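Please treat every number below as a calculation from the coordinates, not as lab data. As the structure is a computational prediction, the values presented were derived from the model and not from experiment. All Cβ positions, glycine included, derive from the backbone under ideal geometry; neighbour counts span all protein chains shown.
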Amino acid sequence: MINEERLVASFMALARMDSPSGEERAVSDYLMNALQGLGAEVERDAIGNVFSRLPGHGEPLLLNAHMDTVGPVGNIQPVLVDGVIKSDGRTILGADDKAGIALILEVVRTALEQGLDLPPLDILLTVQEETGLCGAKAFDTSRLRAREGIGLDTGGAPGTIAVAAPTHDVLKAVVHGVAAHAGAEPEKGISAIVVAAEAISRMPLGRIDEETTANIGFINGGRALNIVPDLTEVRGEARSRDKAKLEAQVRRMVAAFEEAAARYGARVEVEVKREYTGFRLAPDEPIIRLLARGAAEAGLEPSYIETGGGSDANILNAAGIRIVNISCGMDKVHTTDEQIAVADMVRTAEWLLACLRLRASAGPM
Ligand SMILES: [Zn+2]
């Protein structure tokens, strides 16, 4: 039922349009045109998200993907070899998340062409997902008719459903020491770098448990080789699919800074900010049941995974929309080895199409 050649061509065309976060304009122009061509209402909001609606039968459904990619980009050249699409090795491919967008377009095209029933569709294609879910955070969710949705922004075998994602906190610590001449009178100084190093060495980091992780990502400080550093800034993060575990981990990180500062007579200011809230959908939620039934129709075995990363789905769930990501077949994302198998895209398209038809034909599920 799916036009494989057209799906591949449309994915390749999208992949060729460089769209690092914040530079999605060309790809969004292209998509607005494509959606208008399908008869959809289309608008772009102030930050650049493309929001589109199509009429249909039954309960509305949200489809979501993001237009931006990570780097490196620059004249991306997708190549198809033995059924697998890759970049030429210099850049990422951008299957994350243009595979998701190509799938949405192809499934809607197929349904309209073949006169298949669709549910009323809200299609949200966001900007700046990779740099902190900024597009989704800025989107006015009161524009949505749908209370449930399918996101196409994860990897894994066709049939994979990401039913849970973590809550994510970021932390910034500024350590204030005392500057002194490092050769003449170092005893008058308090090294902010030493305080930060000791704090970091005493906090649990990396994988804390199966659903909790923590990382120090930046450390910045020092003025000169001969000055005891009076200022160091450290930035880190922690995530967990269990909010209480996250809060305990963040407390340990903050305490490590405070204790180290106290030992040396330094001062530390720690700022903790919630980036996004986690979610977990139960197997009997209507959207999960729809995906499982659609998978069965498409001959796929659903597999339920819990992710360690955030996505637009975190922001949308926090706004009351029950949405999960399904795999669109992307693999080795965020690297220049990123790839996607055409067969996986086709099977995912069949799965998505089956879900849409079920949604349009069923009453409330
Ligand atoms: Zn993504």
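The phi torsions of segment 206-222, fed into the Karplus equation with coefficients 6.51, -1.76 and 1.60 and a -60° offset, translate into couplings of x, 8, 8, 7, 5, 10, 9, 9, 8, 8, 9, x, 9, 9, 9, x, x Hz, rounded to whole numbers, with Gly and Pro shown as x.
Mean projected area of the Cα convex hull of the chain, taken over all directions, amounts to 19.7 nm². With a simple spin-label model that places each label point 7 Å from the Cα along the Cα-to-Cβ direction, the separation between ARG235 and ARG280 comes to 3.0 nm.
If the segment from ALA184 to LYS172 were pulled out straight at 0.36 nm per residue, it would be longer than the present Cα-Cα gap by 1.1 nm. Separation of segment 257-276 and segment 85-141, taken as the distance between their Cα centroids, equals 40 angstrom. Across segment 167-276, the fraction of Cα-Cα pairs farther apart than 17 Å, rounded to a whole number, is 51%. Once the chain from LYS332 to ILE47 is taken as fully extended at 0.36 nm per residue, the excess over their C-alpha distance is 99.7 nm. Neighbours of LEU144 by Cβ distance under 11 Å: Lys/Arg scored +1, Asp/Glu scored -1, total +1. Close lysine pairs were tallied over the chain: pairs 8 or more places apart or on different chains with Cα atoms under 19 Å apart number 7. Mind checking the angle between helix 286-297 and the chain's longest principal axis? C-alpha axes, 0 to 90 degrees, to the nearest 10. The angle comes out at about 60 degrees.
Which of the trypsin sites (Lys or Arg not before Pro) found in segment 222-262 are in a DSSP loop and have at most 15 neighbouring Cβ atoms, other than their own, within 10 Å? Qualifying residues, ordered by number: ARG223.
Backbone N atoms of segment 291-328 closer than 19 Å to the 7 Å Cα→Cβ label point of GLN114 belong to residues 291-301.
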